[in-house]
Every structure is written in C-alpha cells, then in structure tokens.
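Let me begin by presenting the structure, written as structure tokens, before commenting on it.
The values are calculated or read from the model by the stated rules, or taken from the named source; none is laboratory data. What you see is a predicted model, and the numbers here were worked out from it, not measured in a lab. Here Cβ is always computed from backbone atoms with ideal geometry, including for glycine, and neighbour counts include all displayed protein chains. All accessible areas refer to the heavy atoms of the entire protein, side chains included, with ligands and DNA or RNA removed. Shrake-Rupley method; radii C 1.70, N 1.55, O 1.52, S 1.80 Å.
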Amino acid sequence: MKHFIWMLCGIFISGLLLGTLSACGAGQFSTAVITTAKHPAVQAAAAPETDPAPAEQPEDPPEPKPGASITAEEDEARMLAYGKALWDMYLLGLRPDGEELERASDLGPAEGNRFALADLNGDGAEELIVCWDQACMAGMQGLVYTYDYPEEELRLVLSEFPALTFYENGTAAADWSHSQGWAGRFWPVTLYRYSEESGVYEEIGSVDAWDLECTEGDETLAAAFPRDVDADGDGLVYYILTGEWYKNDRTPSDGRLDGRLWDTDPVDGAALEEWMNAYTGGTEPLEIPYRHMGDIQISDLGYPSPEVAYPEPAG
C-alpha cells in the first residue's frame, strides 16, 4: 500500500521579470503562435559560398517515427519552436504566450529549471515539458506544450504544479502544491487525461486523504475517524473529488464531523486503487528524461541562443 501511495505522489521536485505570478490553477490552457523560421545565424551558416554539385538523393525518404507519420521537416520545425520557447523562458523569463515567469534574479539566465521532450500521448510526436520550480511556491509551474504542424502553432496543453507524473496511456497526475489538511502520509493529487477531441489535458478528479496520525491527539477527531471504512487498518482513508469539488467546504455542509470531508464519503486504499486503474489502465509511470536548462542543452534543439543584454547589478 505504501508503494502505491508513493506512486501517486509522482515525481516531486519541487523580456525581464516585472511581476510575481499567482498560484497555478488547474485546467489553464492558452495558445501562442510562434514562427519556426530559422534564426538568421542558422541561415547564414547554412548558405554556401559557391553552388555545390547536386547531391545524390536517397532512393527512399526517411522513415517516420514510430506511431505516426512525423516527417523530418515537421520534426525540425517542432524542435526549433521548442528551442525558441526555452530560450525565452531561460533568458527572459517569458512563456510563449508572453506571461512572465517568476525568477530569482533578472540579472542572468534562470538556472536550475528543467525541461524534457517525451511523447506523452503516443502519437509519435514529442511534447515539451517544462518544470519551472526555481521560484517561490506560488510561482512554480509545470507546463506541457505541443506543436501543431503545418499551422506553426505552439499550444499549452497542461498547466499545473511541477510535481508531475505521466502514465503510458496518456493519463497525468499532478501533486497539489500544498497539503495543509489531514492527508499526512498521503500527498493530495489531481488526475488528468489527454483528450484527442479538445487537444488538452482534461481534469478527471482529485484525491485527498485523512491520516489518523494527524488527528489522533484530538479525542473528538480520533473518534470520528471512519474505522469501518479503513479495511486494511493502515489509518488512512481517501476522498475522491470530482466535478466542481473545489467550490465546497472541506468539512461537511451540515457541520457534522462523521468521517466525511469535502462533503463526500471516504474510501479505502483498494477502492482508490481501482479508481486510479480505471484511468491509468494499470500502466506504469513514464521515465521522463529531464535536463536542466542551460546553453548547451537548449542549443541541442537547433535554435541558436539570442543575444540578451542584462542590467548591471546595483552598486
């Protein structure tokens, strides 16, 4: 059971900056158009001094990536778009939609944040995952972008706290930024599913918990703990929250404390696991190859570093 709890917790990590971001809300989506024309430095480097002899053409076109017909041209455009977006975040603290990211300093690059490329929905094309966690808690962001070709559109498909877990079947889990209730050994989490129809991750529901260890010093609360639900006897029961659950009070609307939180009945670990498996399909979490943002790592995507002038330190 403990292994299952830790699996739910997922993989926790935790222009110039003009403001401070508020906490990320679930289900925030936006669209930004970004050009994938090659940087002038790339064009200059690619321009030959003299006309070379015609190169021999391969007999067959390159094989597409497994899972989808992703051409070399599309893949190059995707990498350039991702590269430009990462430079803007790393050097300027700007998301592709122009929203400012919180940075520790405006005097240089935003070191320490992470990114990764991974095919999260099995369509053969890699998404860009950004874990912007070098900020105060309210400024941390977990962002997932995809690229639409030939529309040349970079789209934000998930915006959450950067403690993200992605499953093999396209389901994603995001730990809550805070656990200030009675969850104790369990960290609250929100579950998402990628929708091919909408093209974004749609929220399925969230899970909170009551850990008896958090309230056993209070006789009234300890007596109210739903031991009849806790079939495995581990002192943990769970609350599966769906719909607009966040609009409800954490305690029952009738004011009674009878083992109900968030105005919903608790379930034991087996029922929670069954609910999770209904969406994850019992698949394992993906191993995401995160890299720290840096000049070399971003340059590998093919978009050269732009020239950025930072202000001089005061004094």
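Annotations
- Rolling a 1.4 Å probe over the protein heavy atoms leaves residue 136 with an accessible area of roughly 60 Å².
- Oblate is the label for segment 110-203, because the ratio a/c of its alpha-carbon gyration tensor axes (a ≥ b ≥ c) is 1.5 or higher and a/b is not greater than b/c.
- What the phi angles of segment 94-104 give under the Karplus curve with 6.51, -1.76 and 1.60, with θ = phi - 60°, is a coupling list of 10, 6, x, 8, x, 5, 7, 9, 6, 10, 5 Hz, glycine and proline written as x.
- Derived scalar couplings ³J(HN,Hα) [segment 130-138; Karplus, 6.51 cos²θ - 1.76 cosθ + 1.60; whole Hz; x for Gly, Pro]: 10, 9, 8, 10, 8, 7, 5, 3, 5
- Of 108, 120, 131, farthest towards positive along the dipole that unit charges on Lys, Arg, Asp, Glu beta carbons give segment 108-178: 108
- Virtual paramagnetic centre 7 Å along Cα→Cβ of residue 123, amide N under 15 Å, in segment 163-204: 170-171, 193-202
- Of the peptides 78-89, 278-289, 227-238, the order by per-residue mean of other Cβ atoms within 10 Å, starting with the highest, comes out as 78-89, 227-238, 278-289.
- With DNA, RNA and ligands ignored, accessible area of residue 296 (1.4 Å probe; Å², nearest 10): 120 Å²
- Probe 1.4 Å - accessible area at residue 123, Å² to nearest ten: 60 Å²
- Residue 105 paired with residue 244, simple spin-label distance in nm, labels 7 Å along Cα-to-beta-carbon: 4.6 nm
- Phi angles of segment 211-219 translate, via the Karplus equation with coefficients 6.51, -1.76, 1.60 and θ = phi - 60°, into HN-Hα couplings of 9, 4, 4, 6, 10, 5, x, 9, 4 Hz per residue; Gly and Pro are given as x.
- Neighbour net charge for residue 299 - beta-carbon separation under 13 angstrom, K R +1, D E -1: 0
- Estimated FRET transfer efficiency (residue 309, residue 221; beta-carbon r; R0 41 Å; 0.05): 0.10
- Inter-site label distance for residue 264 and residue 284 at 7 Å from Cα along Cβ, in nm: 2.9 nm
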